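Quick note: the coordinates plus some simple rules give every number you see, no bench work behind them. Just so we're clear, the structure is a prediction, and the values are computed from it rather than from any experiment. Cβ placement follows ideal geometry from the backbone for every residue including glycine, while neighbour counts extend to all protein chains displayed.
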Amino acid sequence: MEDRVFKLVDQFVRAYNYLLIFLASLMMAGLMGIVCLDLVLRYFFNAPLLWGTEITEIMLLDITFLGMAWVFKEDGHVVIDIFTQKAGGGKRKILQAISYSITGFVATILIYYGFYATFDHFKRKVFNPTIMETPIWLIIIVIPVGSLPLFLEVLIKLWRLKEKSG
């Protein structure tokens, strides 16, 4: 039963990550387009996009959090593995479990406080004091939305680590 539940969670997280990576890829393409257009308009016509910087800042935040779980899943993040490379099989798994647990703890904090801050800004109707006056909750909702699959990926990696050892 436990295996089946984790396989369903794994399938859900994989599909969710594909959606988030697709959105992040579209944003990356949009980001490059906006920056190029802004440069051309600024230097050739002296008419920069007034909203260009704000949108690119938001997209950079979004791309980071939308791709976070995928990078963790693929072990694409930067690590200092001096201890795990020197450790043997059992010790290596313990160190990996500690590392995954810390990541899961951080993801839990990001989910909790991300939803709390998002709801608080939504309730208070706080806006970004810029030309676009974007509601802050629309900007920061990506933090819990991107942290949730990270937390689930941590659970999946811990489960697979347990399966290998047991």
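Run the helix sum for the chain: -39,500 (n - 2.57) per DSSP H stretch of 4+ residues, divided by residue count, reported at 222 nm to the nearest 500 deg cm²/dmol. Before the final figure, lay out each step's value.
Numbers: 6 runs with 136 residues, N = 166.
My calculation for the chain gives -28500 deg cm²/dmol from helical runs alone.
If amide hydrogens are placed 1.01 Å from N in the peptide plane, which non-local residues have theirs closer than 5 Å to the one on PHE127?
ILE136
Just to be sure I understand, if you calculate semi-axes √(5λ) of the Cα gyration tensor in Å for this structure, which of (i) 27, 21, 16; (ii) 24, 18, 15; (iii) 37, 19, 14 do you get?
(iii)
For the Cα atoms of the chain, what angle does the longest principal axis make with the long axis of helix 52-73, in degrees from 0 to 90, nearest 10?
The helix 52-73 is inclined about 10 degrees to the chain.
Output the pairs from LYS86/LYS164; LYS73/LYS125; LYS7/LYS91; LYS86/LYS162 with a Cα-Cα distance over 29 Å in this structure; if there are none, say none.
Details: LYS86/LYS164 19 Å; LYS73/LYS125 36 Å; LYS7/LYS91 26 Å; LYS86/LYS162 21 Å.
Check vs 29 Å cut-off fails for LYS73/LYS125.
Restricting to DSSP loop positions (anything but H, G, I, E, B) with no more than 14 other Cβ atoms inside 10 Å of their own Cβ, which GluC sites (Glu not before Pro) remain in the stretch 75-165?
Details: sites: GLU133, GLU153, GLU163; in loops: GLU133.
Those that pass, being in a loop and sparsely packed, are GLU133.
Angle between the Cα long axis of helix 89-124 and the longest principal axis of the chain, 0 to 90 degrees, nearest 10?
Tilt of helix 89-124: around 40 degrees.
Which of ILE94, ILE102, ILE63, ILE58 comes first, and how do the rest follow, when ranked by fewest Cβ neighbours within 10 Å?
Details: ILE94 14, ILE102 11, ILE63 22, ILE58 19.
Fewest-to-most ranking of ILE94, ILE102, ILE63, ILE58: ILE102, ILE94, ILE58, ILE63.
What angle do you read, to the nearest 10 degrees and between 0 and 90, between the alpha-carbon axis of helix 142-165 and the longest principal axis of the chain?
20
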